[in-house]
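What follows is a single structure, written as structure tokens, with notes after it.
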Amino acid sequence: MNQSLKIILSGIIAMISVNVSGQVKEKWNHNIGINLLQIPATTIDMTYELSFKPSYTLIINPGYTMNYANSFDFIGNVLSPHYDCGNNGYSMKKQSGGYLKLGMKYNFRKSAEKKSYFYIGALITNSMIYEKAEYTDFEIPDSQVEKLNHQIFIIGLTGTAGYNFRISDQLSTDFGVQISMPSKSFHDLYGYTKFIPGMGYMETCGNGMIFPMMVLNLKYKLR
């Protein structure tokens, strides 16, 4: 993973350096967007995209989850496999936190005038999550309920792929999927039904390492 992060950062630095040195004459394009599919998951997922060539786009993707424990994330639930292990005695009361994704994507188009195209990309995801839970040890008869809370920082690598189509001169939409692989610190989250802001939800049963997320990003082109 460390090598992949170095490649992404090198690419971002190289693109910015080329523009600063005056070697690129094209006009910079700016877009802001919101992922509509994360709203039911009580998450505000925003994007800012910056590009100077049709094929390459820099991405800054901040977001905040208010309380995933009280959300209705139907899509996240469908994407995750389900096991019989339950949540290992944990009852989640609060799952909230912010995140910041930084990366770039490659667009399969030669001209900015193309109305629809496929894209692939990679991002570094930095996530901070606060969890509050109640824990009962079912192996101990008449076990007392223990109230727990903690805050964890998790970094990960996110791959993205999808299809962009234009709605109007200033509106467009990205529809695709993101697959995230978090650092080992995600194992410290309570229970087996784990949620990481910016990466998504996964019922792991102790084995899962991949967090999927669907994206329907409505974008507005800034002038």
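The values are calculated or read from the model by the stated rules, or taken from the named source; none is laboratory data. Values in this document were obtained by computation on a predicted structure and should not be read as measured data. Cβ atoms come from the backbone with ideal geometry, glycine included; neighbour counts cover every protein chain shown.
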Practice task
Output the strands (runs of 3 or more DSSP E) that fall wholly within the stretch 123-223 and possess 1 or more residues being in contact with a Phe, Trp or Tyr (Cβ under 8 Å, 6 or more places away or on another chain), free of Cβ contacts under 8 Å to residues at least 60 places away in the same chain and of a type in the set (V, I, T), or say none.
Solution key: 146-166, 171-182
Exercise for the section: Output the residue which, of all residues in the stretch 55-75 that are assigned to a strand (DSSP E or B), out of contact with any helix residue (DSSP H, G or I) (no Cβ under 8 Å at 6 or more places or on another chain) and polar (S, T, N, Q), is farthest from N87 (Cα to Cα). Expected result: T57
Problem - Residue that is farthest from D45 (Cα to Cα) [pool: residues in the stretch 117-175 that are surrounded by fewer than 18 Cβ atoms within 10 Å (Cβ to Cβ) and of a type in the set (V, I, T)] - result: I140
Fill in the blank from the handout: With criteria (1) assigned to a strand (DSSP E or B); (2) more than 17 Å from the chain's Cα centre (by Cα), P81 comes up short on (1)
Exercise for the section: Give the stretch 85-97 a look and list any residue that's surrounded by 17 or more Cβ atoms within 10 Å (Cβ to Cβ) and either charged (D, E, K, R) or part of a strand (DSSP E or B) (or both), or say none. Expected result: Y90, M92, Q95, S96, G97
Handout entry: Filter result for the condition that a residue is more than 12 Å from the chain's Cα centre (by Cα) and on the phi < 0 side of the Ramachandran plot, over N164, N126
Key = N164
Exercise for the section: Take K101 and decide whether it is in contact with a Leu (Cβ under 9 Å, 6 or more places away or on another chain) and either farther than 17 Å from I196 by Cα or not aromatic (F, W, Y) (or both). Expected result: yes
Completion exercise
For the stretch 25-54, the count of residues that are more than 29 Å from K94 (Cβ to Cβ), in contact with a strand residue (DSSP E or B) (Cβ under 6 Å, 6 or more places away or on another chain), among the charged types (D, E, K, R) and in a strand (DSSP E or B) equals 1
Exercise for the section: Count, please, the residues in the stretch 135-174 that happen to be of a type in the set (F, W, Y), closer than 16 Å to T57 by Cα and modelled with pLDDT of 95 or more. Expected result: 1
